[in-house]
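Chemist: One structure is given below, represented as structure tokens, and several questions about it will come after.
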Amino acid sequence: MKTNILICLGATLYTIMSVLLPGGMVQEGIRGDPGRVAAQIVSGIGFLGAGAIMRSKFSIHGLTTAATIWVVAAIGVCIGAGYPVVAFAYTVTVLFTLLIIDKFESKFFIKAGGHALEICYVDKDGQIRNAINQLILQHNIEIEDFDISQKMDKTIVHMHYAKSHEQHKKFVLDLWKLEGITEVAQL
């Protein structure tokens, strides 16, 4: 939600500035197209923001950082063009978005993230495997990816699922309570 708000704010501000910049410059007798400068800032900052986005095995991080970089650049263009009131209004809006939206999202939306686990256990006639299946049902986990393999006397399960951080922690704690589990590792 924050990322989308910031992208919207940035696009709006860049659009406003592309309208305001040429008009203000003509009145001062300056020739040229200052809007081209703003256009180059958009692509340059977009490239910089892309560097802030990191992809791990099962998730993507840095989207809000990239959007923040982008909208802050728009505020900079606004200030540079001589529109500090507009820049101030956008700064307040961006700060509100970054500081308040997390609280709003956590209150009204369930945050589900991707989790990947490796569970190692020594099975006693399928009892541990059955107990793991019962925990999966009990915690209402919908598995997105699942792999099971055997290494000597240990069974290794790799699973990927989406649950909130709190639900994920409860599931992992309940796994550790099972007798025979030798390892629960997050991937």
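Chemist: Hey, can you tell me all the residues within the stretch 58-81 that are part of a helix (DSSP H, G or I) and not β-branched (Val, Ile, Thr)?
Modeler: Keep residues of the stretch 58-81 that are part of a helix (DSSP H, G or I), which gives 63-80.
Matches in the stretch 58-81: Leu63, Ala66, Ala67, Trp70, Ala73, Ala74, Gly76, Cys78, Gly80.
Chemist: Please verify whether the stretch 139-155 includes one or more residues that are small (Gly, Ala, Ser) and either part of a helix (DSSP H, G or I) or surrounded by 14 or more Cβ atoms within 10 Å (Cβ to Cβ) (or both).
Modeler: Just the residues of the stretch 139-155 that are small (Gly, Ala, Ser), to begin with: 149.
Subsequent filtering for residues that are either part of a helix (DSSP H, G or I) or surrounded by 14 or more Cβ atoms within 10 Å (Cβ to Cβ) (or both) retains none.
Within the stretch 139-155, not a single residue is small (Gly, Ala, Ser) and either part of a helix (DSSP H, G or I) or surrounded by 14 or more Cβ atoms within 10 Å (Cβ to Cβ) (or both).
Chemist: Any residue in the stretch 47-59 that is modelled with pLDDT under 75, out of contact with any helix residue (DSSP H, G or I) (no Cβ under 8 Å at 6 or more places or on another chain) and hydrophobic (A, V, I, L, M, F, W, C)?
Modeler: So far as the stretch 47-59 goes, yes, one or more of its residues are modelled with pLDDT under 75, out of contact with any helix residue (DSSP H, G or I) (no Cβ under 8 Å at 6 or more places or on another chain) and hydrophobic (A, V, I, L, M, F, W, C).
Chemist: Within the stretch 1-35, track down each residue that is among the charged types (D, E, K, R) and modelled with pLDDT under 75.
Modeler: In the first step, residues of the stretch 1-35 are kept if they are among the charged types (D, E, K, R); the result is 2, 28, 31, 33.
Within the stretch 1-35, Glu28, Arg31, Asp33 qualify.
Matching residues to (1) of a type in the set (Gly, Ala, Ser); (2) in contact (Cβ under 8 Å) with a residue 24 or more places away in the chain:
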site	(1), (2)
His115	no, yes
Glu118	no, yes
Leu137	no, no
Ser149	yes, no
His158	no, yes
Trp176	no, no
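Chemist: Check the stretch 169-176 and report whether any residue there is surrounded by fewer than 17 Cβ atoms within 10 Å (Cβ to Cβ) and modelled with pLDDT under 85.
Modeler: no
Chemist: Name every residue in the stretch 82-103 that is touching a residue at least 24 places away in the same chain (Cβ under 8 Å) and part of a helix (DSSP H, G or I), in order of residue number.
Modeler: Residues of the stretch 82-103 touching a residue at least 24 places away in the same chain (Cβ under 8 Å): 82-83, 86, 90, 93-94, 97-98, 101-102.
Within the stretch 82-103, Val86, Tyr90, Thr93, Val94, Thr97, Leu98, Ile101, Asp102 meet the criteria.
Chemist: Scan the stretch 156-179 for residues that are within 26 Å of Glu105 (Cα to Cα) and either assigned to a strand (DSSP E or B) or touching a Pro at 6+ places or on another chain (Cβ under 9 Å) (or both) and jot them down. Show your work before the answer.
Modeler: In the first step, residues of the stretch 156-179 are kept if they are within 26 Å of Glu105 (Cα to Cα); the result is 160-173.
Of everything in the stretch 156-179, those that are within 26 Å of Glu105 (Cα to Cα) and either assigned to a strand (DSSP E or B) or touching a Pro at 6+ places or on another chain (Cβ under 9 Å) (or both) turn out to be His160, Tyr161, Ala162, Lys163.
The values are calculated or read from the model by the stated rules, or taken from the named source; none is laboratory data. Note that the structure is predicted; figures quoted are calculated from it, not measured. No Cβ is skipped: glycine too gets one built from the backbone with ideal geometry, and neighbour counts run over all protein chains shown.
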